[in-house]
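No lab work stands behind these numbers, since they all come straight from the coordinates. Just so it is clear, the model here is predicted, and its values are computed rather than measured. Cβ: placed from backbone, ideal geometry, glycine included. Neighbour counts: every protein chain shown.
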């Protein structure tokens, strides 16, 4: 059966229902949150670097942003706080001032500062990301306050939206890679006038940025330096183990001790309920078409997920239980696409999942956890 995944869903989660080997309440398993992402490969030995497309880094788990978009259809500036505790938009959206979480720290105990944010934007320039939203300058006002302005003459309406979603990296790791003159190079690269000498200097600077960008992408930190709720402990092909970061600024809200992050492609274990936006199509895995339940009976998960779309919540539950049995694993179970307001929540092991109508459900699961959701019973 053809697989069609809604693009809005970044992470896909495994399924658990009653009778499929759930761990007892308060067990160690109840402290483990398992998430599956088909698109995020996990390669042992790849750098723990958010700018490396094949790297081992996990947005919202060990990589943080200034904020998390609420996915508002009407307000592109509506965000949940991330490393930014608060912000102010001024000058018609052309200037943004951000105040960082006062207790934000990296997992080595060093504070997250405005200099880290500035270094993150510099790294963005080496990748072409900062230019894409017309970032003109970054000014450190204090260790926890930083101001951003658009390129003069620009009035990009998604300036704030894009700015808030850039990955934040530690300056003490990346500044040596980019060099002391990185902002001089950035400033020179942005010249758009007609002076021949300055145009030549801009071309040279753009080449330098490209070369520095290659070094940024290739950089491999020796350990995971995280400002998020978790940090990487172990990496194996197809699976990463992340443990709670005690230095996270909201560690008191983190009720999960560890996260198992998995990547499956074309694997029968990737059995999640993906109701598609029209109610006539279900989504699952590519193959096989039929797999055995523990009792020896065969089920077709593609047909089961297809059937779910036309049924009531009460009718859907036993089908989801069959899908859970087919995985033969104890994974948390969450509704990812809740257009019919059906919520299958594993009330045996976890409680307090985001509701569908607050924009939180469309964020990566790490955002749910750091916001106080996903609590083991």
Checklist entry - Fewest to most neighbouring Cβ within 10 Å: what's the order for 68, 183, 368? => result 183, 368, 68
Checklist entry - Projected area of segment 34-108, taken from the Cα convex hull and averaged over every viewing direction, in nm²? => result 7.6 nm²
Next on the checklist: Under 8 Å for C-alpha pairs, at least 6 residues apart: give me the relative contact order for segment 73-206, rounded to a whole percent.
Outcome noted: 23 percent
Next on the checklist: Test of understanding: ordering 140, 63, 259 by Cβ neighbours within 10 Å, fewest first, what list do you get?
Outcome noted: 140, 63, 259
Next on the checklist: Cut-off is 10 Å between beta-carbons; in what order do 224, 362 appear when sorted fewest neighbours first?
Outcome noted: 362, 224
Checklist entry - In whole angstrom, how far apart do the alpha carbon centroids of segment 232-262 and segment 177-213 sit? => result 39 Å
Checklist entry - Rounded if a/c is under 1.5, else prolate if a/b is larger than b/c, else oblate: which is segment 67-218, with a ≥ b ≥ c the root eigenvalues of its Cα gyration tensor? => result oblate
